[in-house]
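Worksheet: the structure to be examined is printed underneath.
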Amino acid sequence: MSAYELIALDLDGTLLTSDKRLLDRTVQDINAAASAGKTVALCTGRCVPELVEYREKLAAVRYGVMVSGAVLYDLWEERTLYTVGIPREVTVKIAEVGERFDAMVHLLGENVSIVPTGKATHTADFGMGPYQDLFGNISQHADNILAVAAAWPVMQKVNLYCRSKEDQAAAYEILKELPVTIAYAENAGLEMSPPGVDKGSGLRRLAEELGVGLEKVIAVGDGDNDRSMLAAAGLAVAMGNAEPEVLLMADVVVADNDHNGAGEAIRGLLLA
């Protein structure tokens, strides 16, 4: 059997299909890995409440690198092992930039997801149509997102979903001056995390927590915010639907997210 001990899987665009489903055969592959004594972990931009509809099927998964590396979470014991956040004054500045461009501001804490009331039911306007149910049913809604940003001492991440690539580029030019880590996301989105925090830093912390050398870690992803974890892992795996830059840095390319590429990585690389 493979010498790899841990596989870290992105969620959206990797573990989930294009319509946000978790395939039964993917679950079977995850369960097979767990039965073989391997560790399957999530490495996602989502916060814990945004996993609710998948928790039962992912019962074999204990650890989650959540909120793009800002939270390390034990899903079995339902406790945070580590967290770091963006201070209030920076969160407010990010939200103000979002409002300036009429973007959808998304605040994420350890256990909370908050979006503006008026935009939560119009996610397609911001290139986030597939997430309509998530924002409509799981996220909290706020009439005044700036007031919410000002009320929290820290937020683990702030996303801005812009209406166009042009707005995304213009917002980036302003946000890059702030003390945050920025990643591109979805169609015209930007993800702001605490300085030095990304999925790669979160994966390194998880590996240290488990006593697993990074050379024994596989990371699987598809988007810009996955590049740091792919760079940190001993083996970088890109989904067939991955962005061009991700494909270029990958050691291995598997099938796309609608054809169980994540399961292919588990079976062909972790359990081989």
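Values in this text are rule-based calculations from the coordinates and carry no lab data. Predicted model only: the values in this text are computed from it and were never measured. Glycine gets a Cβ as well: all are built from the backbone with ideal geometry, and neighbour counts include every protein chain shown.
Work out the count of Lys pairs in the chain where the Cα-Cα distance is under 27 Å, with the pair 8 or more places apart or on different chains.
27
From the C-alpha coordinates alone, can you work out the Kirkwood hydrodynamic radius of the stretch 86-193, in Å?
Working: mean 1/r = 0.0747 Å⁻¹.
Roughly 13.4 Å, rounded to one decimal.
Amide H neighbours of Met155 under 5 Å, at least 5 residues apart or on other chains, H built in the peptide plane: list them.
Under 5 Å from the amide H of Met155: Ile86.
Taking every pair of Cα atoms in the stretch 175-257, average 1/r, invert it to obtain the Kirkwood radius, and report Rg/Rh to two decimals.
Working: Rg = 13.3 Å, Rh = 13.3 Å.
Dividing the radius of gyration by the Kirkwood radius yields 1.00.
Charges only on Cβ, +1 for Lys and Arg, -1 for Asp and Glu: so what's the dipole of the chain about the Cα centre, in debye to the nearest 20? The partial results should precede the final answer.
On the way: 23 positive and 39 negative charges, 96 e Å.
With Lys and Arg at +1 and Asp and Glu at -1, about 460 debye.
Each residue of the stretch 70-86 in order: what ³J(HN,Hα) in whole Hz does its phi give by Karplus 6.51 cos²θ - 1.76 cosθ + 1.60, θ = phi - 60°, with x for Gly and Pro?
7, 9, 10, 10, 9, 6, 6, 8, 6, 9, 7, 8, 6, 7, 8, x, 8
Mind listing the long-range amide H neighbours of Gln140? Cut-off is under 5 Å, sequence gap 5 or more, other chains count too, H placed in the peptide plane at 1.01 Å from N.
Ser113, Ile114, Val115
Fewest to most neighbouring Cβ within 10 Å: what's the order for Thr91, Thr117?
Numbers: Thr91 28, Thr117 12.
Ordered from fewest to most neighbouring Cβ atoms within 10 Å, Thr91, Thr117 come out as Thr117, Thr91.
Put +1 on the Cβ of each Lys and Arg and -1 on the Cβ of each Asp and Glu in the chain; which of Gly98, Leu72, Asn257 then has its Cα farthest toward the positive end of the dipole?
Leu72
If Lys and Arg each add +1 and Asp and Glu each add -1, what is the summed charge of the other residues whose beta carbon sits under 14 Å from the beta carbon of Ser113?
Working: positive: Arg46, Lys119, Lys157; negative: Asp12, Glu50, Glu53, Glu110, Asp133, Glu191.
So the surrounding residues net to -3.
About the Cα centre, and with charges only on the beta carbon of Lys, Arg (+1) and Asp, Glu (-1), how big is the dipole of the stretch 86-193? Nearest 20 debye, please.
Result for the stretch 86-193 is approximately 120 debye, rounded to the nearest 20.
With unit charges on the beta carbons (Lys and Arg positive, Asp and Glu negative) and the dipole taken about the Cα centre of the chain, which residue among Pro179, Asn159, Ala36 sits farthest to the positive side?
Farthest towards the positive end: Ala36.
How would the stretch 41-101 be classified by its alpha-carbon gyration tensor: rounded, prolate or oblate, with rounded meaning a/c under 1.5 and the a/b versus b/c comparison settling the rest?
Values: a/c = 3.49, a/b = 2.08, b/c = 1.68.
Prolate, since a/c reaches 1.5 and a/b exceeds b/c.
Would you work out which of Tyr82, Ile145, Gly118 lies farthest towards the positive end of the dipole of the chain? Charges go on Cβ: Lys and Arg +1, Asp and Glu -1.
Value: Tyr82.
When a footprinting reagent is the concern and you count Cβ atoms within 10 Å, what order do Glu110, Glu209 take, fewest first? Could the numbers behind the result be given before it?
Details: Glu110 18, Glu209 13.
Ascending Cβ contact count within 10 Å gives the list Glu209, Glu110.
What is the Cα centroid distance between the stretch 146-224 and the stretch 1-29, reported in whole angstrom?
Comparing the Cα centres of the stretch 146-224 and the stretch 1-29, I get a distance of 21 Å.
With +1 assigned to the C-beta of every Lys and Arg and -1 to the C-beta of every Asp and Glu, and no other charges, what is the dipole magnitude of the stretch 141-272 about the Cα centre in debye, to the nearest 20?
Using Cβ point charges on Lys, Arg, Asp and Glu, the stretch 141-272 gives about 360 debye.
Mind listing the phi-derived Karplus ³J(HN,Hα) values for the stretch 8-14, rounded to whole Hz, using 6.51, -1.76 and 1.60 with θ = phi - 60°, and x for any glycine or proline?
10, 10, 4, 9, 6, x, 10
Output needed for the chain: three equivalent-ellipsoid semi-axes, defined as square roots of 5 times the C-alpha gyration tensor eigenvalues, in descending order, whole Å. Present the calculation step by step, with values, prior to reporting the outcome.
Details: eigenvalues 180, 67, 62 Å².
Taking √(5λ) for each Cα gyration eigenvalue gives 30, 18, 18 Å.
Provide the net charge surrounding Ala151, with neighbours chosen by a C-beta distance below 14 Å and charges set as Lys +1, Arg +1, Asp -1, Glu -1. Before the final figure, lay out each step's value.
On the way: positive: Arg88; negative: Glu89, Asp143.
Neighbour charge sum, excluding Ala151 itself: -1.
Can you give the relative contact order of the chain as a percent, counting alpha carbon pairs under 8 Å and 6+ residues apart?
23
Starting with the fewest neighbours, write out Asp29, Asp224 ranked by other beta-carbon atoms found within 10 Å of each beta-carbon. Walk me through the numbers on the way to the answer.
Working: Asp29 21, Asp224 18.
So the residues, fewest neighbours to most, are Asp224, Asp29.
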